[in-house]
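To start, the structure itself, in C-alpha coordinates.
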Amino acid sequence: MVFAPVAAAQEGAAETTPSGEKIEQIRQEIQKKVEEKLNNVLNQIKKRAWIGTIEEKSATAIKLLTLKEVRTVNLAEDVKIINLKRKEISVDDLEKGQRIVAMGFVQTDGTMEGKRLVLLPSYKERKTKVIFGTITDKSSEEKIISITGSEEKYEVIISDKTGLRERKNSKISNITYEAVKVNQKVIAIITPTESNGSTYQAKTILVLTALPKPSAAPTEKADEKDE
Amino acid sequence: MIGVVLGFTTTGLLWAKKQGKFDNINFGTNKQDKQNDNEEIEGGLDATTTPSDTESADEKAIVLEIASPENESISETEKLEIRGKTEPNATVVVVWEEGEDILVADITGQFETEINLVGGENLIEVSSYNDEGGSAKENLTITYTTTKI
(Lines give C-alpha, C1' and ligand atoms only; values in the text may rest on other atoms or scores of the structure.)
Protein backbone atom coordinates (compact mmCIF):
# COMPACT_ATOMS: atom_id res chain seq x y z
CA MET A 1 0.00 0.00 0.00
CA VAL A 2 2.88 2.30 0.79
CA PHE A 3 4.67 1.39 -2.35
CA ALA A 4 1.63 1.58 -4.59
CA PRO A 5 1.64 5.34 -4.91
CA VAL A 6 5.38 5.23 -5.47
CA ALA A 7 4.96 2.66 -8.20
CA ALA A 8 2.22 4.74 -9.71
CA ALA A 9 4.47 7.77 -9.62
CA GLN A 10 7.26 5.88 -11.30
CA GLU A 11 4.95 4.73 -14.02
CA GLY A 12 3.88 8.34 -14.45
CA ALA A 13 7.53 9.37 -14.69
CA ALA A 14 8.15 6.76 -17.37
CA GLU A 15 5.26 8.17 -19.36
CA THR A 16 6.75 11.73 -19.15
CA THR A 17 10.27 10.67 -20.28
CA PRO A 18 9.66 11.31 -24.00
CA SER A 19 8.44 14.85 -23.22
CA GLY A 20 11.47 15.21 -20.95
CA GLU A 21 13.67 14.42 -23.91
CA LYS A 22 11.77 16.92 -25.97
CA ILE A 23 12.28 19.54 -23.33
CA GLU A 24 15.98 18.78 -23.31
CA GLN A 25 16.11 19.09 -27.08
CA ILE A 26 14.36 22.44 -27.00
CA ARG A 27 16.70 23.58 -24.27
CA GLN A 28 19.73 22.69 -26.34
CA GLU A 29 18.36 24.45 -29.39
CA ILE A 30 17.72 27.59 -27.38
CA GLN A 31 21.19 27.42 -25.91
CA LYS A 32 22.67 27.08 -29.38
CA LYS A 33 20.77 30.11 -30.64
CA VAL A 34 21.80 32.13 -27.61
CA GLU A 35 25.43 31.24 -28.19
CA GLU A 36 25.18 32.25 -31.84
CA LYS A 37 23.64 35.56 -30.92
CA LEU A 38 26.26 36.14 -28.26
CA ASN A 39 29.04 35.37 -30.70
CA ASN A 40 27.58 37.85 -33.17
CA VAL A 41 27.56 40.54 -30.51
CA LEU A 42 31.11 39.74 -29.46
CA ASN A 43 32.23 39.76 -33.07
CA GLN A 44 30.86 43.25 -33.48
CA ILE A 45 32.90 44.35 -30.51
CA LYS A 46 36.05 42.78 -31.90
CA LYS A 47 35.61 43.97 -35.48
CA ARG A 48 38.78 45.78 -36.36
CA ALA A 49 40.79 47.21 -39.25
CA TRP A 50 44.53 46.74 -39.24
CA ILE A 51 46.65 48.92 -41.52
CA GLY A 52 50.16 47.87 -42.44
CA THR A 53 52.47 46.44 -45.07
CA ILE A 54 52.60 42.81 -46.12
CA GLU A 55 55.59 41.02 -44.60
CA GLU A 56 54.73 37.48 -45.64
CA LYS A 57 51.85 35.81 -47.36
CA SER A 58 50.52 32.36 -48.05
CA ALA A 59 47.33 31.00 -49.56
CA THR A 60 45.57 31.19 -46.21
CA ALA A 61 47.25 33.92 -44.20
CA ILE A 62 49.30 37.06 -44.38
CA LYS A 63 51.64 38.68 -41.88
CA LEU A 64 51.09 42.38 -41.59
CA LEU A 65 53.65 44.85 -40.28
CA THR A 66 51.70 47.56 -38.47
CA LEU A 67 53.06 50.55 -36.57
CA LYS A 68 53.27 48.48 -33.42
CA GLU A 69 54.07 44.92 -34.41
CA VAL A 70 53.77 42.10 -36.94
CA ARG A 71 50.28 40.64 -36.87
CA THR A 72 48.74 37.57 -38.44
CA VAL A 73 45.64 37.75 -40.60
CA ASN A 74 44.08 34.38 -41.37
CA LEU A 75 42.08 34.70 -44.54
CA ALA A 76 38.44 33.68 -44.29
CA GLU A 77 37.14 31.37 -46.95
CA ASP A 78 34.95 34.15 -48.33
CA VAL A 79 37.59 36.86 -48.03
CA LYS A 80 37.41 39.66 -50.58
CA ILE A 81 40.59 41.40 -51.70
CA ILE A 82 40.27 44.73 -53.48
CA ASN A 83 43.05 46.51 -55.38
CA LEU A 84 43.67 50.24 -55.84
CA LYS A 85 41.34 50.30 -58.84
CA ARG A 86 38.54 48.89 -56.73
CA LYS A 87 38.68 45.58 -58.56
CA GLU A 88 38.53 42.26 -56.78
CA ILE A 89 41.77 40.28 -56.93
CA SER A 90 43.07 37.04 -55.42
CA VAL A 91 45.61 36.44 -52.69
CA ASP A 92 48.10 35.47 -55.42
CA ASP A 93 48.04 39.05 -56.65
CA LEU A 94 49.23 40.38 -53.31
CA GLU A 95 52.92 41.21 -52.97
CA LYS A 96 55.27 41.74 -50.09
CA GLY A 97 55.59 45.41 -49.19
CA GLN A 98 52.13 46.38 -50.35
CA ARG A 99 50.21 48.56 -47.98
CA ILE A 100 46.78 47.25 -47.10
CA VAL A 101 43.94 47.54 -44.62
CA ALA A 102 42.76 44.19 -43.32
CA MET A 103 39.24 44.17 -41.90
CA GLY A 104 37.81 41.33 -39.89
CA PHE A 105 37.36 39.90 -36.43
CA VAL A 106 40.13 39.72 -33.88
CA GLN A 107 40.29 36.33 -32.23
CA THR A 108 41.17 35.51 -28.66
CA ASP A 109 44.68 34.48 -29.73
CA GLY A 110 45.33 37.94 -31.16
CA THR A 111 45.09 36.97 -34.81
CA MET A 112 42.46 38.31 -37.14
CA GLU A 113 40.00 36.43 -39.29
CA GLY A 114 40.33 38.60 -42.36
CA LYS A 115 37.09 39.15 -44.25
CA ARG A 116 38.06 42.05 -46.47
CA LEU A 117 41.46 43.32 -47.56
CA VAL A 118 41.85 46.57 -49.45
CA LEU A 119 45.06 47.84 -50.98
CA LEU A 120 46.05 51.35 -49.93
CA PRO A 121 48.19 54.01 -51.57
CA SER A 122 51.64 54.70 -50.16
CA TYR A 123 51.76 56.33 -46.77
CA LYS A 124 51.95 60.11 -46.81
CA GLU A 125 53.11 61.71 -43.63
CA ARG A 126 50.74 64.37 -42.41
CA LYS A 127 52.30 67.78 -42.58
CA THR A 128 49.93 69.54 -40.23
CA LYS A 129 51.54 70.19 -36.86
CA VAL A 130 50.19 71.31 -33.52
CA ILE A 131 52.58 73.42 -31.49
CA PHE A 132 52.53 75.00 -28.07
CA GLY A 133 54.75 78.01 -27.53
CA THR A 134 55.16 81.71 -26.91
CA ILE A 135 54.98 84.51 -29.45
CA THR A 136 58.48 85.97 -29.48
CA ASP A 137 58.15 88.32 -32.44
CA LYS A 138 55.43 89.97 -34.46
CA SER A 139 56.07 91.72 -37.75
CA SER A 140 54.71 95.24 -38.08
CA GLU A 141 54.79 95.13 -41.86
CA GLU A 142 53.52 91.70 -42.74
CA LYS A 143 51.28 89.29 -40.87
CA ILE A 144 54.07 87.05 -39.70
CA ILE A 145 54.75 86.01 -36.13
CA SER A 146 57.46 83.93 -34.51
CA ILE A 147 56.41 81.20 -32.12
CA THR A 148 59.06 79.63 -29.93
CA GLY A 149 58.25 76.15 -28.70
CA SER A 150 60.17 73.92 -26.35
CA GLU A 151 62.66 72.83 -29.00
CA GLU A 152 62.08 74.85 -32.13
CA LYS A 153 61.20 78.28 -33.40
CA TYR A 154 58.56 78.70 -36.08
CA GLU A 155 57.97 81.53 -38.52
CA VAL A 156 54.23 81.54 -39.03
CA ILE A 157 52.31 83.37 -41.72
CA ILE A 158 48.81 84.55 -40.88
CA SER A 159 46.42 84.83 -43.79
CA ASP A 160 42.76 85.66 -44.22
CA LYS A 161 41.99 81.96 -43.83
CA THR A 162 43.72 81.72 -40.46
CA GLY A 163 41.38 81.28 -37.53
CA LEU A 164 42.51 83.67 -34.78
CA ARG A 165 40.98 82.81 -31.43
CA GLU A 166 41.41 83.50 -27.78
CA ARG A 167 40.65 81.32 -24.82
CA LYS A 168 39.42 83.02 -21.65
CA ASN A 169 38.30 80.67 -18.90
CA SER A 170 36.46 77.93 -20.72
CA LYS A 171 35.28 80.07 -23.62
CA ILE A 172 36.89 80.40 -27.02
CA SER A 173 36.14 83.48 -29.08
CA ASN A 174 37.42 85.07 -32.29
CA ILE A 175 39.96 87.88 -32.16
CA THR A 176 41.75 90.12 -34.64
CA TYR A 177 45.41 90.16 -35.63
CA GLU A 178 45.88 93.30 -33.55
CA ALA A 179 44.98 91.38 -30.41
CA VAL A 180 47.83 88.94 -31.03
CA LYS A 181 50.83 90.18 -29.05
CA VAL A 182 54.36 89.22 -28.17
CA ASN A 183 54.81 87.10 -25.04
CA GLN A 184 51.39 85.51 -25.38
CA LYS A 185 51.20 81.75 -24.98
CA VAL A 186 49.58 80.11 -27.96
CA ILE A 187 48.57 76.79 -29.42
CA ALA A 188 48.90 76.84 -33.17
CA ILE A 189 47.88 74.44 -35.92
CA ILE A 190 50.32 74.99 -38.79
CA THR A 191 51.41 73.49 -42.10
CA PRO A 192 54.71 74.08 -43.89
CA THR A 193 54.45 76.41 -46.86
CA GLU A 194 55.07 74.77 -50.20
CA SER A 195 57.73 77.20 -51.26
CA ASN A 196 59.79 77.34 -48.14
CA GLY A 197 60.09 74.52 -45.64
CA SER A 198 61.18 76.82 -42.86
CA THR A 199 58.00 78.91 -42.76
CA TYR A 200 54.55 77.76 -41.93
CA GLN A 201 51.02 78.71 -42.76
CA ALA A 202 48.74 79.06 -39.73
CA LYS A 203 45.42 77.27 -39.90
CA THR A 204 44.43 78.26 -36.39
CA ILE A 205 46.07 80.22 -33.62
CA LEU A 206 44.60 80.07 -30.14
CA VAL A 207 45.87 82.67 -27.69
CA LEU A 208 45.82 81.44 -24.12
CA THR A 209 44.96 84.47 -22.06
CA ALA A 210 46.36 84.13 -18.56
CA LEU A 211 43.67 84.21 -15.93
CA PRO A 212 44.13 86.99 -13.35
CA LYS A 213 45.25 85.58 -10.03
CA PRO A 214 42.70 86.07 -7.25
CA SER A 215 43.58 88.91 -4.92
CA ALA A 216 44.03 88.14 -1.19
CA ALA A 217 43.04 91.62 0.08
CA PRO A 218 39.34 92.60 -0.10
CA THR A 219 40.21 96.28 -0.56
CA GLU A 220 41.91 95.53 -3.89
CA LYS A 221 38.69 94.07 -5.22
CA ALA A 222 36.80 97.20 -4.27
CA ASP A 223 39.37 99.26 -6.16
CA GLU A 224 38.92 97.09 -9.25
CA LYS A 225 35.16 97.60 -9.10
CA ASP A 226 35.63 101.36 -8.96
CA GLU A 227 37.72 101.16 -12.09
CA MET B 1 38.81 27.18 21.79
CA ILE B 2 39.38 28.45 18.28
CA GLY B 3 39.87 31.92 19.65
CA VAL B 4 42.52 30.69 22.03
CA VAL B 5 44.36 28.93 19.22
CA LEU B 6 44.22 32.03 17.01
CA GLY B 7 45.40 34.18 19.84
CA PHE B 8 48.40 32.01 20.52
CA THR B 9 49.20 31.80 16.82
CA THR B 10 49.11 35.55 16.37
CA THR B 11 51.20 36.12 19.46
CA GLY B 12 53.72 33.57 18.28
CA LEU B 13 54.03 35.16 14.86
CA LEU B 14 54.52 38.61 16.34
CA TRP B 15 57.16 37.30 18.70
CA ALA B 16 58.97 35.54 15.87
CA LYS B 17 58.94 38.68 13.76
CA LYS B 18 60.37 40.65 16.59
CA GLN B 19 63.10 38.09 17.02
CA GLY B 20 63.99 38.43 13.36
CA LYS B 21 63.03 34.90 12.49
CA PHE B 22 61.55 36.05 9.14
CA ASP B 23 64.41 38.30 8.03
CA ASN B 24 65.67 35.89 5.39
CA ILE B 25 62.25 35.38 3.86
CA ASN B 26 61.37 37.76 0.96
CA PHE B 27 57.82 39.11 1.21
CA GLY B 28 58.41 41.39 -1.79
CA THR B 29 58.60 44.59 0.20
CA ASN B 30 62.34 45.06 0.52
CA LYS B 31 64.14 48.12 -0.78
CA GLN B 32 65.23 46.57 -4.08
CA ASP B 33 61.64 45.66 -4.97
CA LYS B 34 60.44 49.15 -4.05
CA GLN B 35 63.16 50.65 -6.19
CA ASN B 36 62.17 48.46 -9.11
CA ASP B 37 58.52 49.45 -8.69
CA ASN B 38 59.45 53.12 -8.73
CA GLU B 39 61.51 52.69 -11.87
CA GLU B 40 58.59 51.00 -13.63
CA ILE B 41 56.27 53.85 -12.74
CA GLU B 42 58.71 56.58 -13.80
CA GLY B 43 59.75 54.80 -16.98
CA GLY B 44 56.21 54.17 -18.12
CA LEU B 45 54.84 57.68 -17.62
CA ASP B 46 51.80 57.62 -15.38
CA ALA B 47 49.63 54.57 -15.19
CA THR B 48 46.48 56.34 -16.20
CA THR B 49 47.64 57.21 -19.70
CA THR B 50 46.67 54.92 -22.53
CA PRO B 51 49.44 53.03 -24.19
CA SER B 52 52.37 53.57 -26.34
CA ASP B 53 51.07 56.38 -28.57
CA THR B 54 51.21 58.88 -25.70
CA GLU B 55 53.87 61.55 -26.12
CA SER B 56 54.76 64.55 -23.93
CA ALA B 57 56.52 67.89 -24.31
CA ASP B 58 59.17 68.95 -21.87
CA GLU B 59 58.60 65.69 -19.96
CA LYS B 60 55.47 67.25 -18.47
CA ALA B 61 53.05 64.50 -19.38
CA ILE B 62 49.42 64.98 -18.51
CA VAL B 63 46.57 62.52 -18.57
CA LEU B 64 44.80 61.88 -21.86
CA GLU B 65 42.47 58.94 -22.39
CA ILE B 66 40.29 58.36 -25.43
CA ALA B 67 37.01 56.73 -24.38
CA SER B 68 35.64 56.51 -27.90
CA PRO B 69 36.32 55.37 -30.53
CA GLU B 70 38.67 52.45 -29.97
CA ASN B 71 41.86 52.58 -31.99
CA GLU B 72 41.76 50.53 -35.22
CA SER B 73 37.98 50.29 -35.12
CA ILE B 74 35.73 50.44 -38.17
CA SER B 75 33.15 53.16 -38.61
CA GLU B 76 30.10 52.61 -40.78
CA THR B 77 29.12 56.29 -40.66
CA GLU B 78 30.86 59.38 -41.95
CA LYS B 79 30.38 61.28 -38.71
CA LEU B 80 32.36 60.09 -35.74
CA GLU B 81 32.19 61.22 -32.15
CA ILE B 82 35.46 61.57 -30.27
CA ARG B 83 35.12 61.41 -26.49
CA GLY B 84 37.80 61.37 -23.85
CA LYS B 85 39.15 62.56 -20.58
CA THR B 86 42.14 64.72 -19.77
CA GLU B 87 43.24 67.27 -17.23
CA PRO B 88 40.40 69.58 -16.06
CA ASN B 89 40.11 72.73 -18.21
CA ALA B 90 42.87 71.59 -20.55
CA THR B 91 42.85 72.73 -24.17
CA VAL B 92 42.25 69.82 -26.52
CA VAL B 93 43.19 69.87 -30.19
CA VAL B 94 41.78 67.29 -32.60
CA VAL B 95 43.22 67.01 -36.10
CA TRP B 96 41.70 64.70 -38.70
CA GLU B 97 42.05 64.13 -42.43
CA GLU B 98 40.05 67.14 -43.54
CA GLY B 99 39.78 69.37 -40.53
CA GLU B 100 40.72 70.29 -37.01
CA ASP B 101 39.03 71.52 -33.88
CA ILE B 102 40.09 73.16 -30.64
CA LEU B 103 37.99 72.67 -27.55
CA VAL B 104 38.19 72.97 -23.80
CA ALA B 105 37.84 70.07 -21.42
CA ASP B 106 35.29 70.63 -18.70
CA ILE B 107 35.91 70.82 -14.99
CA THR B 108 36.10 67.04 -14.75
CA GLY B 109 38.42 66.78 -17.73
CA GLN B 110 35.79 65.32 -20.07
CA PHE B 111 35.64 66.44 -23.68
CA GLU B 112 33.85 65.46 -26.86
CA THR B 113 33.60 66.58 -30.45
CA GLU B 114 32.31 65.27 -33.77
CA ILE B 115 34.43 64.89 -36.88
CA ASN B 116 33.88 63.85 -40.49
CA LEU B 117 35.71 60.83 -41.82
CA VAL B 118 36.95 60.20 -45.35
CA GLY B 119 36.47 56.85 -47.02
CA GLY B 120 39.08 54.34 -45.96
CA GLU B 121 41.99 55.28 -43.75
CA ASN B 122 41.64 58.11 -41.23
CA LEU B 123 44.44 59.22 -38.96
CA ILE B 124 43.17 61.27 -36.03
CA GLU B 125 45.48 63.09 -33.63
CA VAL B 126 44.19 64.19 -30.27
CA SER B 127 46.46 66.35 -28.14
CA SER B 128 45.88 68.02 -24.82
CA TYR B 129 47.68 71.00 -23.25
CA ASN B 130 47.55 72.68 -19.87
CA ASP B 131 48.65 76.25 -19.19
CA GLU B 132 52.06 75.16 -17.95
CA GLY B 133 52.99 73.53 -21.24
CA GLY B 134 52.27 70.00 -20.09
CA SER B 135 50.86 67.94 -22.91
CA ALA B 136 49.85 64.51 -24.14
CA LYS B 137 48.98 63.10 -27.53
CA GLU B 138 47.08 60.08 -28.77
CA ASN B 139 46.88 58.82 -32.35
CA LEU B 140 43.88 56.91 -33.62
CA THR B 141 43.53 55.03 -36.89
CA ILE B 142 39.90 54.60 -37.90
CA THR B 143 38.68 52.98 -41.11
CA TYR B 144 35.46 54.28 -42.62
CA THR B 145 33.60 51.83 -44.85
CA THR B 146 29.96 51.18 -45.58
CA THR B 147 30.72 47.65 -46.75
CA LYS B 148 29.41 45.05 -44.31
CA ILE B 149 32.23 42.99 -42.88
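Residues that are modelled with pLDDT of 85 or more and either in contact with a strand residue (DSSP E or B) (Cβ under 6 Å, 6 or more places away or on another chain) or part of a helix (DSSP H, G or I) (or both): does segment A:3-14 have at least one?
no
Can you tell me how many residues within segment B:56-86 are away from every other protein chain (no Cβ under 13 Å), surrounded by 14 or more Cβ atoms within 10 Å (Cβ to Cβ) and in a loop (DSSP other than H, G, I, E, B)?
1
Which of the residues belonging to segment A:160-186 are within 28 Å of the chain's Cα centre (by Cα), within 18 Å of A:GLN201 (Cα to Cα) and hydroxyl-bearing (Ser, Thr, Tyr)?
A:THR162
Select from segment B:108-149 the residues that are at the interface with another protein chain (Cβ under 9 Å from one of its Cβ atoms) and β-branched (Val, Ile, Thr) and list them in ascending order.
Passing the criteria: B:THR141, B:ILE142, B:THR143, B:THR145, B:THR147, B:ILE149.
So is A:ALA59 of a type in the set (A, V, I, L, M, F, W, C), modelled with pLDDT of 90 or more and exposed (fewer than 10 other Cβ atoms within 10 Å of the Cβ) or not?
So A:ALA59 passes the test.
A:LEU75 versus (1) open to solvent by 80 Å² or more (accessible area, probe 1.4 Å); (2) modelled with pLDDT of 95 or more: which is the lone unmet condition?
Going through (1) open to solvent by 80 Å² or more (accessible area, probe 1.4 Å); (2) modelled with pLDDT of 95 or more one by one, A:LEU75 breaks only (1).
Tell me, yes or no, whether segment A:107-119 has at least one residue that is among the small types (Gly, Ala, Ser), more than 9 Å from chain B (Cβ to nearest Cβ), open to solvent by less than 30 Å² (accessible area, probe 1.4 Å) and out of contact with any His (no Cβ under 8 Å at 6 or more places or on another chain).
Yes: segment A:107-119 contains one or more residues that are among the small types (Gly, Ala, Ser), more than 9 Å from chain B (Cβ to nearest Cβ), open to solvent by less than 30 Å² (accessible area, probe 1.4 Å) and out of contact with any His (no Cβ under 8 Å at 6 or more places or on another chain).
Give me the pairs: first residue in segment A:150-176 and away from chain B (no Cβ under 13 Å), second residue part of a loop (DSSP other than H, G, I, E, B) and hydroxyl-bearing (Ser, Thr, Tyr), beta-carbon distance under 7 Å, and six or more apart or on different chains, which are they?
Close Cβ pairs satisfying both conditions: A:GLU155/A:SER198; A:ILE157/A:THR193.
The values are calculated or read from the model by the stated rules, or taken from the named source; none is laboratory data. Predicted model only: the values in this text are computed from it and were never measured. Cβ atoms come from the backbone with ideal geometry, glycine included; neighbour counts cover every protein chain shown. Protein only, heavy atoms only, side chains kept; ligands, DNA and RNA dropped before computing areas. Shrake-Rupley method; radii C 1.70, N 1.55, O 1.52, S 1.80 Å.
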